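Trainee: One structure is given below, represented as structure tokens, and several questions about it will come after.
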Amino acid sequence: MPNQSQADLSREHIRYRLTLLQRVLPVLPGAVIFTAVQILLWAEGGPSDPVFFAGLLLWVAAPFVGLVCSSRLGITLTTSAAVVHRFRRRVIPWSDVQAIRIESFMGSRTIVLNEANGRRTELLAPITGFLSRDRRFEEKFHTIGQWWLDHRGPDWTPVPPAWAEADGGAPAGNPFAPPAQS
């Protein structure tokens, strides 16, 4: 019986999105604290005008709006390209992708696609961190990497880094090795 990643690679496309907890947990503490403070102020004889109730409704509704809006964020892997779903959809052909890496920032780990033109595309999903834990993050990273390796095409060639071209050509040996430090 094939394992999960082999079954994923045999499909026509794969879609990764934020999980339900990843969408709710980051905004939930702020909404709960603000709502509790507003209710306590109201119970103590604070304002009970329409502005108060409108603000309370806003903070109660904000997590639900965030939940709906963030449900589209993620990536779809197809045989020809990586379709990055942000607020605008972007299609990146596999032949343009030069590397797929994990980057860490303030305790969160994200996947970054490095393109041949030098552009870095940080994926909003999959992601893992303190309030956005994903137990399958490593598996998803390896699936995206394997999908790229399998679908980048026979005419794919690596692009030397910018520092190699700035020095008048690639140094002897590995052109992707970092420059020697003196």
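The values are calculated or read from the model by the stated rules, or taken from the named source; none is laboratory data. Note that the structure is a prediction, hence the values are computed from the model and not measured. Cβ coordinates were reconstructed from backbone atoms using ideal geometry, including for glycine residues, and neighbour counts include every protein chain displayed. Side chains are part of the model used for accessible areas, which takes the heavy atoms of the whole protein and leaves out ligands, DNA and RNA. Shrake-Rupley method; radii C 1.70, N 1.55, O 1.52, S 1.80 Å.
Trainee: Between L67 and E122, what is the label-to-label distance in nm when each label sits 7 Å out along the Cα-to-Cβ direction?
Mentor: 2.7
Trainee: Mind running the shape call on the range 55-98? Use the C-alpha gyration tensor, a ≥ b ≥ c as the square roots of the eigenvalues: rounded below 1.5 for a/c, prolate if a/b tops b/c, oblate otherwise. Mind showing how you got there, number by number?
Mentor: Working: a/c = 5.90, a/b = 4.24, b/c = 1.39.
Prolate, since a/c reaches 1.5 and a/b exceeds b/c.
Trainee: If you take the square roots of the eigenvalues of the alpha-carbon gyration tensor of the range 25-128 and sort them as a ≥ b ≥ c, do you get rounded (a/c under 1.5), prolate (a/b over b/c) or oblate?
Mentor: prolate
Trainee: Take the Cβ-Cβ distance between R15 and E44 as r, set R0 to 35 Å, and report the resulting FRET efficiency rounded to the nearest 0.05. Don't skip to the answer; put the middle values down first.
Mentor: Details: r = 48 Å, r/R0 = 1.38.
In this case the efficiency is close to 0.10.
Trainee: Once amide H atoms are placed 1.01 Å from N in the peptide plane, what residues at a sequence separation of 5 or more from A99, or on another chain, have their amide H within under 5 Å of its amide H?
Mentor: For A99, whose amide H was placed from the backbone, the distant partners under 5 Å are N114.
Trainee: 5 Å is the cut-off here: which amide hydrogens, built 1.01 Å from N in the peptide plane, fall below it relative to A125, excluding neighbours closer than 5 in sequence?
Mentor: G74
Trainee: I would also like to ask the following. Per residue, how much accessible area does the range 86-162 show when a 1.4 Å probe rolls over the protein heavy atoms, in square angstrom?
Mentor: Numbers: 4740 Å² over 77 residues.
With all protein chains present, the range 86-162 gives 62 Å² per residue.
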